[in-house]
Structures are given as C-alpha cells and as structure tokens.
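**Student:** What follows is a single structure, and I will ask about it in a moment.
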Amino acid sequence: MKRKFLGILVLALAVLGCPQKKQEPPLYLLALLLNPGNGSTGSADPLVSNVVVATEGQTGAGDSTPNESSTTPSTPVSIPVKVNLEEILVSHSSGLCPLFGGLLLSYEKGEEKMCRLNTLNSDCAKIALGSDLNPRKIDPRSFAGYTLPIEQMASSSIYPSTGKSDVFCFDREKPISLTQIRLYAYRNRSSGSIPNNCPTAMTGEFCDERLVLPSPTKFKIPKEFPLLLESGSIGNSGDHWLELKYKNEQDRFVTCIYRGNNLNSFGVSAGTFTKNAYIGANPNLQYRKGYCLVCTLGFCNYNLGSGLGPFTGENAFYEEYVLSDVVGTTVTAKEFIILSVKNGNGALKHTVDWLVEGYEPVSSDLGNLGLVAYYEGAMKGYEIWLALGLMVFGLMSGILLKKRSQARY
C-alpha cells in the first residue's frame, strides 16, 4: 500500500509538473531555422523575430493556412507520431525545390503515413508558407556538418489534418563542406547608385548576416574583415567599425568590435593587417573599438561617440576584454552568429565576405535537438482535476494507512 501511495503521488506530481517545465517545442529545430526574412538584429534577443514556436494544434512547420494544421479535438495527445526529416536533393525534388533542394518533413501516426522522399510528389506534399503566405525558406548552412535523415517520436498534437508532408526549400546552395561556410554583410550608403543584393531582408542601409546554429558550434575568431570589391566599387573602412556577435557557452552575449584600418593603416607596414579592412587590433578604450563586450541579458548597449563605454541599462554588463587577445582562438557559439557592418567612410557599399575558419558543430547528431513530444500552454481542465484528484487520493490513502497502523498498536 505504501508503494501504491508513493506511485500515485509521483504520478500526480508528474501530471502537474511536466506541462510547467519548459521543454523544446516540437520541430523546434525547423522553427528555429525558418527565416521569415527579417534581417534586423536590433532586438536584445536577436532570435525573437525569427523563432516560430509550435503551440497546440500547430505543426510549427508553416501550413498554408492557420486552420490546416489544427488538431482534431478528439485526437488523444498521448498517441505517438513519428516525425521524419530528410534532405531533398534538386534531382529528387519533383519540381518542389528546383533551385537548391531543401528539407522534407513528414509524419506517421499508426497506419496513417505521409509521403517520404522516395514517394515525394506535389500531390502528397506542400510548400511550407509563412504568415505572409510566401514560401518559407531555410538556410542550408545551418545543416552543414549534420547527419540526415533523422526520425523522432512526437506528440500527436503536431499531426497536421491536411495529411500532407511539409517542404522547406533552401534559400541558397548548400555548402559542400564545413570549410565553405561564409557570412556576407554590408552597409550600403550609396543612396541607390550601387545595387543591393542582400540574401535576407535589409533594415535601412544594413544587410546583416545571421547564421542560426542548431547546436553549439566552434569557430575561430578572425583577425580582420577585408572590404570586398563589388559592382566595380570597394568600400572604405575608414576608422569606423564592424560587429561580430554570438552567444557563448555560458549563455552570455558577446559583441566584438572590429576597427576600421584605412585612415591610419595600422600594421600595414609590417604586413600584419590588410589596409582597407576592419581589424581586431589597436583598441580604443574611449570608443570600445578593438574590444569585446559581454552582457548577460542581451547584446551590450554602447555608444561609440560618447567616450563613456558601455551603456548597459537593465542589460547586465558582465565583462570586456581586448579583442586582439582572442584573435585566432577557437570559441563555441550557441544559437547564432551575427555579422554586421556598422559604418564605413563615404557614400559607398561597405561589404565583407567572411570565410569562417574552424567551423564545426560540437556534435553531428540532430536527433536530440527537440523533435520530442511537447504540450505548450495551460493544462486542460480535465487534466487539472485529474491531477488534483490523484493528489487528494494519494494524501487520503496515506492518512488512512497511518490511522490503521496506529490502530493495530
């Protein structure tokens, strides 16, 4: 009886506690990699605008209409669904992703099975759409170095009523190897005389590059970012600055500020740095160029022109260190890497194209990244009463057992 009581009590606590625990949403990996085209990085959390969280009745995978992914109310949440994630090659895309290929997300629930890669066609699969009803594209760089396909069990609440697999097309060619990962960013101050070619949506003059990381990933801190000759013109770094930002292993937000190396030509005579580049050297404490700033709640707020250093406000400042001290070292980033050209000299397009050195995911396994059963939001009424009933029953059983034990003696 005591064992029964403990079992019931544990069950009741589990029913109450599990939904309150923040788990990875179903298909969190895909939700994280969806790119609705927002190139802004001004938010304290740069992923807020890009993360699509799957809630009850949604696949998180971009159904064409909000109602298409709604779960039938009578479907038990406990019925398991197998989720399959496969890569679509251009040659096997059946015309769905003819440019660069993409990913296929399919589901199996009991005898109900959606088409897999070997049976893919336009009748059994649909292009995942965003809230603007445009096709949702994903960045193939984020999948470089990982092993596909993967299969995971998930809650039946994510099973779409359309019965069709979801197709996500890549927005560019997938890198052949990890040595080909590049980030491209610019600020175009030419007032339209030099055309824009931003791979994502621009914010004013800024084309910031954001690489989403499914798992912790290593890379080397570069010593410089040379300006790129483009459209017959090359930018001018002047004595301006560029930002390299990422989230470190301790979940702190790092902003490394590279200093323009054109006007003063730091280190050019010794051949150390490229003349027209943003370099990780010659720190200026007044303007924080050549420093890395670390904050705990979001990227550090600072004002280069004030001479007062970081303005943290409510964003807790943690530390700062000289950028040149970490140039060439390998760091581990979580969730994202962001490259942003903040300013250049003159009405030009100031462009950098960074070939990332030492890029390597810590693990090549995507199988443990959140394709798991998940139920988000408040508990349903019957679940609350069931949990409370089990709790009361367990407590009453304990009281009765105690009284019977005392009566015997």
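The values are calculated or read from the model by the stated rules, or taken from the named source; none is laboratory data. Given the structure is predicted, the values throughout are model-derived calculations rather than measurements. Note that each Cβ is placed from the backbone with ideal geometry, even for glycine, and that neighbours are counted across all protein chains shown. The accessibility values were calculated without ligands, DNA or RNA, using every heavy atom of the protein model including side chains. Shrake-Rupley method; radii C 1.70, N 1.55, O 1.52, S 1.80 Å.
**Student:** Grab the beta carbon distance between residue 151 and residue 252, set R0 = 35 Å, and tell me the FRET efficiency rounded to 0.05.
**Tutor:** 0.50
**Student:** At residue 176 and residue 193, where each label point lies 7 Å from the Cα along Cα→Cβ, what is the point-to-point distance in nanometres?
**Tutor:** Label-label distance for residue 176 and residue 193, simple model: 3.9 nm.
**Student:** Under 5 Å between amide H atoms, partner at least 5 residues away or on a different chain: which partners does residue 88 have, H built in plane at 1.01 Å?
**Tutor:** Hits under the 5 Å cutoff: 102, 103, 104.
**Student:** Please compute the per residue accessible area over the range 103-208 with all protein chains in place, 1.4 Å probe, rounded to a whole number of Å².
**Tutor:** 45 Å²
**Student:** Which pairs in the list 164/218; 82/220; 220/342; 220/349; 137/218 are over 32 Å apart, alpha-carbon to alpha-carbon?
**Tutor:** Among 164/218; 82/220; 220/342; 220/349; 137/218, the Cα-Cα distance tops 32 Å for 164/218; 82/220.
**Student:** Here's another thing I want to ask about it. Where the accessible area of the range 124-252 is counted over protein heavy atoms with a 1.4 Å probe, how much of it, in %, is carbon and sulfur?
**Tutor:** Carbon and sulfur together cover 50 percent of it.
**Student:** On full extension of the chain, what length is gained from residue 118 through residue 205, given 0.36 nm per residue of separation minus the C-alpha to C-alpha distance?
**Tutor:** 26.9 nm
**Student:** Please work out how much length the chain gains when fully extended from residue 329 to residue 132, using 0.36 nm per residue of separation minus the C-alpha to C-alpha distance, in nm with one decimal.
**Tutor:** 66.7 nm
**Student:** Please list 357, 108, 335 in order of solvent-accessible area, largest first, computed with a 1.4 Å probe with all protein chains present.
**Tutor:** I get 357, 335, 108, largest accessible area first.
**Student:** Can you check what the net charge comes to around residue 194, using other residues whose Cβ is under 13 Å from the Cβ of residue 194 (Lys, Arg +1; Asp, Glu -1)?
**Tutor:** +1
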